[in-house]
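Have a look at the structure below, then the notes.
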Amino acid sequence: MRRFNVNELLWTCTLVFIDCIIIYGIITGNIYNILSRRLVNFSYVAVICIAILAVVQIPKIFTVADRGGVKKSNSIFILAISVMAVGISSQAKVYGTNNMISVVIMEEHHNHEEETIPDGTIDMSDEKFYCYLEQMQKSPDKYNGRKVKVSGQLRYQNNQYLITKSVMNCCAADVKVYGIILNGAEEETLSDGKECTIYGEVKVIPVKFNNKNIKLPAIYVKEVQNK
């Protein structure tokens, strides 16, 4: 009679499942909803390590089965991973409660030093993105018409494209995704989940937020440069 260990099979399947979830999150770009860009780089290493563990685990499936039968901890662990899969695959919304992508940050409080936006093209690099966007939202008319450059991930929500970035305040647990509304770009140049650099011009647009009419800086797209 051939030996077969159900517990080892379940653990192997769990490793493969975890690897597939991470790979799916990377391919779709949804992993940026829970991890910052720097942390996402480590996920590639995680994919390789988990794949190696899964391969090493395969021979253990054909060993003597545990006398205690199927462990309850395996089913609990698989349930937790399933919840994680649902979280990664869910679509973020721009407006409403518990948003994953926020376009309004004026009422939030992050620990950072305010920096003056220099003359010329507004270069919203990773370390400047949040503080520059905050200043632009506080005085949108001041920056109306300025040239701007920003790199990030494109997201399509509520019938409009956003250029988004993950911002960390204190630690990875409080990472949040922020976006700037894009206007004027041809649909074929944009794609949901794509990483790119946007060159354009700041345009102030009216937006209704919390039952208030406010002004927000948007980007009138001049050029889309794929990464």
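Every read-out reported here was derived from the displayed coordinates using simple, explicitly stated rules and does not represent laboratory data. No experiment lies behind these values; they were computed from the predicted model shown. No Cβ is skipped: glycine too gets one built from the backbone with ideal geometry, and neighbour counts run over all protein chains shown.
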Completion exercise
The simple spin-label model distance between T121 and F62, using points 7 Å out along Cα→Cβ, in nm, is 6.0 nm
Fill in the blank from the handout: K212 and I27 label points (each 7 Å along its Cα→Cβ direction) are spaced in nm at 4.3 nm
Handout entry: Cα→Cβ-extended label distance, 7 Å offset, between E188 and V45, nm
Key = 4.2 nm
Problem - Those lysines that a straight Cα-Cα span of less than 18 Å connects to K227, excepting residues fewer than 8 apart in one chain - result: K149, K165, K194
